[in-house]
1. Scan segment 23-32 and tell me whether some residue there is loosely packed, with under 13 Cβ neighbours inside 10 Å and under 19 Å from A124 (Cβ atoms).
2. Sort through A71, A11, A2, A44 and tell me the only one that's more than 22 Å from L108 (Cβ to Cβ) and at pLDDT below 90.
3. Can you tell me which residue within segment 23-45, out of those that are among the acidic types (D, E) and under 15 Å from the mean Cα position of the chain (by Cα), is farthest from N178 (Cα to Cα)?
4. Of the residues that make up segment 74-85, is at least one closer than 22 Å to N178 by Cα, part of a strand (DSSP E or B), among the charged types (D, E, K, R) and open to solvent by less than 60 Å² (accessible area, probe 1.4 Å)?
5. How do the pairs read when you match residues in segment 116-132 that are in contact (Cβ under 8 Å) with a residue 60 or more places away in the chain and within 22 Å of I167 (Cα to Cα) with residues anywhere that are among the polar types (S, T, N, Q) and surrounded by fewer than 21 Cβ atoms within 10 Å (Cβ to Cβ), using Cβ under 6 Å and keeping only pairs 6 or more apart or on different chains?
6. Restricting attention to segment 42-53, does a residue exist that is of a type in the set (D, E, K, R), free of Cβ contacts under 8 Å to residues at least 24 places away in the same chain and out of contact with any His (no Cβ under 6 Å at 6 or more places or on another chain)?
7. Of the conditions (1) open to solvent by 20 Å² or more (accessible area, probe 1.4 Å); (2) of a type outside the set (S, T, Y); (3) in a helix (DSSP H, G or I), A39 clears all except one; give me its number.
8. With A65, A46 as the choices, which residue is assigned to a loop (DSSP other than H, G, I, E, B), open to solvent by less than 10 Å² (accessible area, probe 1.4 Å) and closer than 19 Å to S169 by Cβ?
Amino acid sequence: QAPASGNGLAALASTIVKRQIDALQTTVSTLDYEAIERAVHAIANASRVTIIGHGGAYVPALGMAVKLNWAGIPAKASTPDLFCNQVIAVDEHDVVIGVSHQGRTRDLIEMLALAKSFGVTTIAITAVPQSPLATVATIALYVLTPEVARAGTFLIAFDTLMVLADILSAAAADRRGN
């Protein structure tokens, strides 16, 4: 997208910052706080949390794992191909979170469904409500709206995902007394 006005780096920077602010405001106004409350409860009471991301979504999965660990909640990031070897060790005391921008990555959908079949609480985090990933999860969380997600960039999605990670981490740590 061309800068809103003028030319050069300053105009580009201004446009990017405005888009980030708009995306964050859209996210906070569209969050499902009831679903977030269920996710916080599950995360705060989990023995282990695994966050799975594929491709570009691995970066926010890793960021979310770091934030949860900083909050005193044992968490690790994984990819679908690695998790297929780890899934045999999960149980009903674990939480598995799948992160996908559009919620259509087949390997991630299959791994979340498999984890759920072992009794694990699964959480989908995506920018698209009613995505295939969201439909297989125990709890579905959304950032942005589909219109913003389609118009946005990876960086905008990343920042909104990290805000949700901050919310989940802080609230779960508070529940645990960390």
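1. No, segment 23-32 contains no residue that is loosely packed, with under 13 Cβ neighbours inside 10 Å and under 19 Å from A124 (Cβ atoms).
2. Values: A71 fails: at pLDDT below 90; A11 fails: at pLDDT below 90; A44 fails: at pLDDT below 90.
It is A2.
3. Applying the filter and picking the extreme gives D32.
4. For segment 74-85, residues closer than 22 Å to N178 by Cα, part of a strand (DSSP E or B), among the charged types (D, E, K, R) and open to solvent by less than 60 Å² (accessible area, probe 1.4 Å): absent.
5. T121/T138
6. No - not one qualifying residue is present in segment 42-53.
7. It is condition (1) that A39 fails.
8. That would be A46, the only listed residue that is assigned to a loop (DSSP other than H, G, I, E, B), open to solvent by less than 10 Å² (accessible area, probe 1.4 Å) and closer than 19 Å to S169 by Cβ.
The values are calculated or read from the model by the stated rules, or taken from the named source; none is laboratory data. Remember, predicted model here, so these are calculated numbers, not experimental data. Note that each Cβ is placed from the backbone with ideal geometry, even for glycine, and that neighbours are counted across all protein chains shown. Heavy atoms of the whole protein, side chains included, go into the accessibility calculation; ligands, DNA and RNA do not. Shrake-Rupley method; radii C 1.70, N 1.55, O 1.52, S 1.80 Å.
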